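As structure tokens, the structure follows; a few thoughts come after it.
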Amino acid sequence: MTLFTGSGVALVTPFSSGKVDFPALGRLIDWQIEQGTDALIICGTTGEASTLNDREHIRTVEFSLERAGGRVPVIAGAGSNDTAHGVEMSLALEELGADGLLLVTPYYNKCTQKGLVQHYLTIADQISIPAILYSVPGRTGVNISPEAAAELSAHPNIVGIKEASGNIAQVVEMARLVSPDFALYSGNDDMVVPLLSVGGSGVISVVANVAPAQTHQMVESYLRGDTERSARLQLAMKPLIDALFCEVNPIPVKAALSLMGLIEMEYRLPLCPPEESTLARLKKEMQAFGLL
């Protein structure tokens with residue numbers, strides 16, 4: 001039940017005049033697929049899901065499924081810090097026809113590893129489509145330990161993890177403990193090749209918003225054995241990746257897409273437009289990478 005291998009884009013949600021900009025979202029989806037992106041991740045962290053109400057969230061996923069038209073898998077963000085709400089949202093997105101779900105670790109109220117396992121199993125028991133765990137302790141305050149990931153990987157509906165701890169030692173231990181058919185996806189754009197080297201399946205990427213072809217090529221090259229080309233692409237993208245994270249994601253990446261003329265530079269509070277120094281850095285690195 002592996003959902004995808006390669007480069008999945010954690011797609012932004014464009015806004016215009018305070019509402020989801022569906023025409024811009026449609027153009028982004030078409031461009032991503034044309035450029036070789038292997039999966040669309042909708043309404044995740046980069047998609048500003050935390051400031052979408054449930055109606056907007058569901059409609060954004062529904063629109064993305066319609067626009068993608070089965071060309072690539074559409075994986076819908078469905079996590080919550082309230083397990084009951086996570087179940088409700090997961091079932092609603094499954095009913096729409098989502099190919100899979102991205103379930104973020106509970107945030108703010110936090111939990112023990114025991115509670116974390118129970119949270120994920122409660123959702124997994126009630127869905128019938130594949131789910132990817134999403135570990136991002138820098139945002140949630142809770143880490144999915146390698147042991148918890150291994151326990152959860154035994155559930156037939158839990159097929160992979162987006163690992164965004166930034167801790168390569170943890171990734172290696174996780175790769176050692178989980179089964180070979182459990183998909184490991186890098187949640188850090190600057191650690192894709194290291195994760196692939198221990199059996200990873202790909203990346204769920206922010207930089208793919210602006211450089212979809214190159215991100216796809218980086219993973220595809222590694223998986224077909226051209227590790228040197230993959231490493232060159234990883235290193236070449238590093239300054240651009242650093243620029244995209246010089247303020248909290250997705251502030252810089254939405255600014256970058258605006259500089260490319262693809263979306264409006266609009267956010268929802270508490271996110272706000274970037275500093276002028278951020279824009280200058282983005283322009284510099286985007287020009288160096290050939291995006292402007």
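The values are calculated or read from the model by the stated rules, or taken from the named source; none is laboratory data. Since the structure is predicted, the reported quantities are computational estimates derived from the model, not experimental observations. Using ideal geometry, Cβ is built from the backbone for each residue, glycine included, and neighbour counts are taken over all protein chains shown. The area values use the complete protein model at the heavy-atom level, side chains included, leaving out ligands, DNA and RNA. Shrake-Rupley method; radii C 1.70, N 1.55, O 1.52, S 1.80 Å.
In segment 142-157, the residues that are within 15 Å of Q118 (Cβ to Cβ) form Cβ pairs under 8 Å with partners that are among the charged types (D, E, K, R) and in a loop (DSSP other than H, G, I, E, B), at six or more places apart or across chains, as follows: V142/K110. Within segment 265-292, residues that are among the basic types (K, R) sit with their Cβ atoms under 8 Å from residues that are open to solvent by less than 30 Å² (accessible area, probe 1.4 Å), at 6+ positions apart or across chains, in these pairs: R268/F15; R268/E48; R281/A243; K284/A243. Among the residues making up segment 189-236, those that are open to solvent by 40 Å² or more (accessible area, probe 1.4 Å), within 22 Å of Y134 (Cα to Cα) and of a type outside the set (A, V, I, L, M, F, W, C) are D190, P194, S197, G199, H216. The residue of segment 259-281 that is farthest from the chain's Cα centre (by Cα), among those that are open to solvent by less than 30 Å² (accessible area, probe 1.4 Å) and aliphatic (A, V, I, L, M), is L279.
Residue count for segment 121-147, restricted to those that are modelled with pLDDT of 95 or more, over 18 Å from L184 (Cβ atoms) and not in a helix (DSSP H, G or I): 3.
If you go through segment 34-58 and pick out every residue that is in contact with a helix residue (DSSP H, G or I) (Cβ under 8 Å, 6 or more places away or on another chain) and open to solvent by 30 Å² or more (accessible area, probe 1.4 Å), you end up with 5.
The set of residues in segment 36-91 being among the basic types (K, R) and under 12 Å from L25 (Cβ atoms) consists of R59, R67.
Kindly establish whether A150 is among the hydrophobic types (A, V, I, L, M, F, W, C), crowded, with 18+ Cβ neighbours inside 10 Å and assigned to a helix (DSSP H, G or I). The answer is no for A150.
Being more than 19 Å from V203 (Cβ to Cβ) and crowded, with 19+ Cβ neighbours inside 10 Å, is that true of even one residue in segment 159-178? Within segment 159-178 (the criterion being more than 19 Å from V203 (Cβ to Cβ) and crowded, with 19+ Cβ neighbours inside 10 Å), the answer is no, since none of the residues qualifies. For segment 237-258, the set of residues classified as open to solvent by less than 10 Å² (accessible area, probe 1.4 Å), in a loop (DSSP other than H, G, I, E, B) and among the aliphatic types (A, V, I, L, M) is empty.
Residues considered: V12, V87, V104, V74. Of these, the only one that is open to solvent by less than 40 Å² (accessible area, probe 1.4 Å) and more than 27 Å from N143 (Cβ to Cβ) is V74.
Check segment 93-115 and report whether any residue there is touching a Pro at 6+ places or on another chain (Cβ under 7 Å) and either aromatic (F, W, Y) or within 20 Å of I161 (Cβ to Cβ) (or both). Yes, the conditions are met somewhere in segment 93-115.
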